[in-house]
Amino acid sequence: MKSSDSRAVARQARREGVLAPLFQILHIWRQRAPLLTAGAILSLLALLIGLLLMREAGLRVAAMTMGMIVITTGALRILGSARVILRYAERLVTHDAMFRALADVRVWFFRNLARGAAAGLGFRRAGDLLSRLVSDVEALDGLYLRIIVPLAGALLALPFLFIAINMVSTVLAVVVAGLFACGAFVMPLIAAMLGRRDGGMVNHAAAQLRIGVLDMVGGLREIATFGAEGRMLAHVHDRDAALYRAQMKQARMLALAGAASYLCGQAAVVVVLAAAMGLGLPRIAPLPAAAVLFLTVAAFESVGGLTRAGALAGTITRAAARVVAVADLPEHAPAEGTQPAPAGTDICFNDVSFRWAEGRAPVMDHLNLSIPAGQRIAVLGPSGAGKSTLAALLLKVVAPQGGQITLGGEDIATIRDDALRGRIAWLSQATHLFADTIRANLLLGRPDADEAELWTALEQAQVADVVRDLPEGLDSWLGEGGASLSGGQGRRLALARVLLSRAPILILDEPATGLDARTEQEFLQTLNDVTEGRTVILIAHRLTGVEKLDSVWRISGGKTVELRSE
Amino acid sequence: MNDDKTVMKAWTRAQSRLGRGQAMPVMVLGLAIAAIAVGQVWCVANVLACVLVPGGMPVATSALAGLVILSLLRAVVQMAADVMAARAGMKARRRLRGGVLDAILRGGPGLLRQHHTGELTALAVDRIEALDGFFSRWLPASVLWMAAPLVIGGLAAIVQPGSALIMALCGIAVPFGQALFGIGAAVASRNQFLAMTRLQARFLDRVRGIATIVLSGQTEAETRRLAAAAEELRVRTMKVLRVAFLSSASIDCAMVVALVLVALRNGSQLMTLHEQGAVATVMAAHVLRGLFVVLLVPEFFAPFRSLALAYQDRAHASGAAAAMRMLPDASTVRAAGQAVCDTGHGVAVAFEHVDFTWDAARGATLDDISFSVPAGNTLVLCGASGSGKSTIIELLLGFIQPGGGRITLNGIDMTTIMPEALVAMTSWIGQKPVLFAGTLRENILFARPDATDAQLHAALEAASADSFVASLPQGLDTFIGEGGFGLSGGQAQRVAIARAFLKDAPLVLLDEPTSHLDPATEADVFDSLRRLAANRTVILASHSAAVEGFGGQRIDLDRGRIVTSGESAS
């Protein structure tokens, strides 16, 4: 599994180099194109009015000093209030568009995660990787507000600036436009390139710090029993210091980039003033000089944030790359079937071969296993022997490289995923209880279940008393800020959810792990009673003796399944 | 709730005080930038006045040169301010993170009973990272928005008191405008920040449980619910933003009004001068002063904008303050014992009428427990989960203290023994040992960093870990733990046993050491544990049938009471 992870990382790394991920994000946003464009246009209008306002203000100030009124106070007032109103509208529309677009990304991401990689990932409990992906989605808000909109503004301001100055002096127009291009495009680009490198180092250092802290927190017992507080703290402080070094390096780079883009703007001001004085450049008339000066200042002000945004662009593109990589189907992903699930529930593994990655030992090597409908079987084996792979194959989370698996005589590859999963319920130690009400958690098993059915399932799972004792019963909230259940109670709640589903086949993947001996035995006895009439595939590393089973299989040497006997 | 708020406010205030010292250079540089900006505006106004009023003043080449120099200076000072701000944020984070890490270590394993490791890690890493802006941006901005306009306005007042007054009045209008639109918005936006956090938490929760959702066939339904939640958040957020943006529009408004008023005032003065046919030098001086104040207006309002931009950084602080409260106070530290304990002839353990209660609502966890284990003997604790086995082990580890009765080691009350001595005399192996990110060698040497190679290999051999170590890609230097090579449960437990051999403590505490192993591995691990038990005092908590072969004394516990005690079957 590890090597397929690293391959996924490599695949992402390849994608990071190009703009493709950004375009794919934009593609996801295509439905929002009108709104996003409207936001950008409003922002451009606000910018344009701002430029005009400053130009006119410059003209007016200059003109008054010469005793003439070129434009009326009214025009200034209109431009001024238009600017304030447009700025306000622009901010509302762009933020609204951004929220909608971000919601779209969330939904798209969730759907794709569910469709492909996700199921495999979730199966492998890569919780940290998933958390990182979630923060990546949230990082995308900067793409529109901080990069696309100001960049569009710069693209508009450049020709406007050039045309306006060109009416006065072509040489000056070329010089100022060149400086503007430098400040609005070249500097941000350099910052983006440097930011990619430094940002990578900061991310790496942060990840190292997180691992260090995670080790420290998780190992608090070990640390206390070995008296290693000082050593551990020094270790984490080292990593902390490394993070600060990387961040300070990035901060210095950012400061430099900011200063460079500021100097571009100031150079333009100096050039305009020099032209007005006739120093080194063709002299321009005083009135237009004032207008050009104000215009230049305003234009450069509008792109002041781009260099900093450029430095962040690396982070955003990396996040975008990781988010869109979710759409890559994992290498073992089965193709979506088209057939409904057959009525029969006999399961048959025919000559099935599977390995998680090239070069790794096969988890299954021409494996044969037949589970007739209604049979209760156990599959034993040490951890890592491929017991859980059996469940993953059966649930079409991964596809075998050789052989086939049939359900009721149909190859499961041809059966629709949801139809297949409607027939098979899964309970494992990785089964997730959501931060939601107990009711909502149970209804996941069968959305149309009524109150009585919920309580029956809770009774069967022997957790009804616990729920009844909670102040809000079925509507008690689980997780952060809610009722906290013990490990055993949580497992029983998950069992109640599985029992609610009418699936004729139950896969119980180490369902009692983490429970103590007595609770485990009681739990397994409960299972004996409540799973009557269903096919049960119990995956465990050992049996306790209370399980009621028709046959026991053992995955041995990670290769074959052999009948032990019963 | 009100209590929470006062605590959070007090925390924010205390942090602001501490952070302001570090942010001082940033504020000083910010004021310097304001002063340089005034100089730049003066130079620009000079050049313009010279161009606009021909013959009114000498050619302003020196002003242009001054502008170049001041611009370079401002770029450098700005750079220094940026770096200083980053450093202030860094120092504050270092201080806070150090405090959090200390508190976590002080809280010890007891913390893990109340909080998830992920939660604590997020607090020590992400929460504190998010506070960077509070120290590097918000704190300087919260001082500069008052100080910088004062400097600029003061300098403007020297040149044109009237215009400075206009700027000051418009500037004062900003906080009033903020108050008018802002107070409601601030309250609402704090709630919004919470709602946003909640949506993010929900999204993360659903993504983490995606396998469960997919395998329940609920993908579409859950996707729809997610979209609905995001939409609801958007609608509510936009309601808040509609008002919140008004407050920044009020800054724009104040600036435009100030600009227009100052420009009109100067314009009419100049027109009058023109009509009176003033001489060029007088004219030029007036133009210079007029342009100076007009150009100063945007600089005057710039700090207000920085403050508005930094406002969201402030919101992170209250979130962090709330999270910090999961950590123990510095005041909870217990007075450490001073007694030493001679362990030359092993350790005898005795419980004398020990009571312990985790949660008063659920009754006593241990109720009048008495037993004694002579040095070098073994005691097996049996009983279901919740019967109190682990609590006895935790008491012996010193993570918790008895509510009543006392525990003695070689006859000395445990609470009076020096913590360092306690650590030195005890080894502990739990259900699943924690393997740290690092090499296997580092992980075993964790028990005793100064051990020699020979001692290390002896420990490996005694724990029967040598054979699997040889099979690893890089032997002892194989990288394990997070992101490294995955060891099986049995292999990890052997690492723990090797640690215990290396530490060579006279008292060994074993808390369900084989509960995660399959029977074959369990038997092997028990063999190694028996070797470890030789000549040591061992207390073993287990519900496995395999402990029968362990020998020694046996106690059966049920709900915190001893039900039977005697010699083990073998």
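Looking only at the range B:35-50, which residues are facing chain A (nearest Cβ under 10 Å) and without any contact (Cβ under 8 Å) to a residue 60 or more places away in the chain? Listed by number, the residues that qualify are B:Gln40, B:Cys43, B:Val47. Name the residues in the range B:129-174 that are within 13 Å of B:Met27 (Cα to Cα), open to solvent by less than 10 Å² (accessible area, probe 1.4 Å) and among the aromatic types (Phe, Trp, Tyr), would you? Selection gives B:Phe135 alone. Within the range B:248-271, the set of residues being more than 30 Å from B:Tyr311 (Cα to Cα), within 10 Å of chain A (Cβ to nearest Cβ) and not hydrophobic (A, V, I, L, M, F, W, C) comprises B:Asn266, B:Gly267, B:Ser268, B:Gln269. The sole residue among B:Ala384, B:Ala375, B:Ala361 that is at pLDDT below 85 and over 34 Å from the mean Cα position of the chain (by Cα) is B:Ala384.
Of the residues making up the range B:83-95, one or more are more than 9 Å from every other protein chain (Cβ to nearest Cβ), of a type outside the set (Lys, Arg) and in contact with a Phe, Trp or Tyr (Cβ under 6 Å, 6 or more places away or on another chain).
Okay, residues lined up against (1) open to solvent by 10 Å² or more (accessible area, probe 1.4 Å); (2) in a helix (DSSP H, G or I); (3) acidic (Asp, Glu):
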site	(1), (2), (3)
B:Pro473	yes, no, no
B:Val495	no, yes, no
B:Arg531	yes, yes, no
B:Val538	no, no, no
B:Glu548	yes, yes, yes
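Whether any residue in the range B:51-68 is among the polar types (S, T, N, Q) and within 50 Å of the chain's Cα centre (by Cα) is what I want to check. The answer is no, given that none of the residues of the range B:51-68 is among the polar types (S, T, N, Q) and within 50 Å of the chain's Cα centre (by Cα). Does any residue of the range A:144-155 turn out to be crowded, with 20+ Cβ neighbours inside 10 Å and modelled with pLDDT under 85? No, the conditions are met nowhere in the range A:144-155. Against the condition crowded, with 19+ Cβ neighbours inside 10 Å and more than 8 Å from every other protein chain (Cβ to nearest Cβ), how does A:Ala224 come out, does it pass? In short, no. Scanning the range A:403-418 for residues that are open to solvent by less than 50 Å² (accessible area, probe 1.4 Å) and closer than 28 Å to B:Phe203 by Cβ turns up just one, A:Asp417.
Taking the conditions (1) over 19 Å from A:Asp529 (Cβ atoms); (2) modelled with pLDDT under 85 in turn, A:Gly445 satisfies each one other than (1).
Restricting the search to strands (runs of 3 or more DSSP E) fully inside the range A:364-472 and requiring at least 1 residues that are closer than 18 Å to A:Ala494 by Cα and touching a residue at least 40 places away in the same chain (Cβ under 8 Å) gives A:424-428.
A Cβ distance below 8 Å, combined with a sequence gap of six or more or placement on separate chains, defines the contacts here; from the range B:409-430, residues that are away from chain A (no Cβ under 14 Å) reach residues that are modelled with pLDDT under 90 and open to solvent by 50 Å² or more (accessible area, probe 1.4 Å) in the pairs B:Asn410/B:Asp342; B:Thr415/B:Gln401; B:Thr416/B:Gln338. Scanning the range B:435-452 for residues that are open to solvent by 30 Å² or more (accessible area, probe 1.4 Å), within 12 Å of chain A (Cβ to nearest Cβ) and without any contact (Cβ under 8 Å) to a residue 60 or more places away in the chain turns up B:Glu442, B:Leu445, B:Arg448, B:Pro449, B:Asp450.
Annotation note: of B:Leu460, B:Leu507, the sole residue that is open to solvent by less than 10 Å² (accessible area, probe 1.4 Å), more than 14 Å from chain A (Cβ to nearest Cβ) and of a type outside the set (Val, Ile, Thr) is B:Leu460. Within the range B:478-497, residues that are closer than 24 Å to B:Glu512 by Cβ have Cβ atoms under 7 Å from residues that are at pLDDT 75 or above and assigned to a strand (DSSP E or B) in these pairs: B:Gly481/B:Gly438; B:Leu487/B:Ile480; B:Ala496/B:Ile429; B:Ile497/B:Ile429, counting only partners at least 6 apart in sequence or on another chain. Would you confirm, using the coordinates I've provided, whether A:Val272 is closer than 30 Å to B:Val44 by Cα and aliphatic (A, V, I, L, M)? Yes, satisfied. Kindly establish whether B:Gln455 is open to solvent by 30 Å² or more (accessible area, probe 1.4 Å), part of a helix (DSSP H, G or I) and at pLDDT 85 or above. It is true that B:Gln455 is open to solvent by 30 Å² or more (accessible area, probe 1.4 Å), part of a helix (DSSP H, G or I) and at pLDDT 85 or above. Please tell me if B:Val508 is out of contact with any Phe, Trp or Tyr (no Cβ under 8 Å at 6 or more places or on another chain) and among the β-branched types (Val, Ile, Thr). In short, no. The set of residues in the range B:273-301 being small (Gly, Ala, Ser) and crowded, with 20+ Cβ neighbours inside 10 Å consists of B:Ala284, B:Gly290.
Out of the range B:349-398, which residues are within 11 Å of chain A (Cβ to nearest Cβ) and either assigned to a strand (DSSP E or B) or closer than 16 Å to B:Ser515 by Cβ (or both)? Result: B:Cys382, B:Gly383, B:Ala384, B:Ser385, B:Gly386, B:Ser387, B:Lys389, B:Ser390, B:Ile393.
Exactly one residue out of A:Ala181, A:Ala242, A:Ala251 is touching a Leu at 6+ places or on another chain (Cβ under 8 Å), in a helix (DSSP H, G or I) and either farther than 30 Å from B:Val434 by Cα or within 8 Å of another protein chain (Cβ to nearest Cβ) (or both), and it is A:Ala181. Inspect all residues belonging to the range A:105-113 and state whether any of them is at pLDDT below 85 and aliphatic (A, V, I, L, M). For the range A:105-113, residues at pLDDT below 85 and aliphatic (A, V, I, L, M): present. Per the listing B:Arg234, B:Arg242, the residue uniquely open to solvent by 30 Å² or more (accessible area, probe 1.4 Å), assigned to a helix (DSSP H, G or I) and among the basic types (Lys, Arg) is B:Arg242.
Remark: A:Ala494 falls outside the filter, which requires a residue to be in a loop (DSSP other than H, G, I, E, B) and either open to solvent by less than 10 Å² (accessible area, probe 1.4 Å) or at pLDDT below 85 (or both). In the set (1) within 12 Å of chain A (Cβ to nearest Cβ); (2) buried (at least 17 other Cβ atoms within 10 Å of the Cβ), the condition left unmet by B:Ala32 is number (1).
The values are calculated or read from the model by the stated rules, or taken from the named source; none is laboratory data. Worth saying up front: this structure is predicted, and the values here are computed from it rather than measured. Glycine gets a Cβ as well: all are built from the backbone with ideal geometry, and neighbour counts include every protein chain shown. Side chains are part of the model used for accessible areas, which takes the heavy atoms of the whole protein and leaves out ligands, DNA and RNA. Shrake-Rupley method; radii C 1.70, N 1.55, O 1.52, S 1.80 Å.
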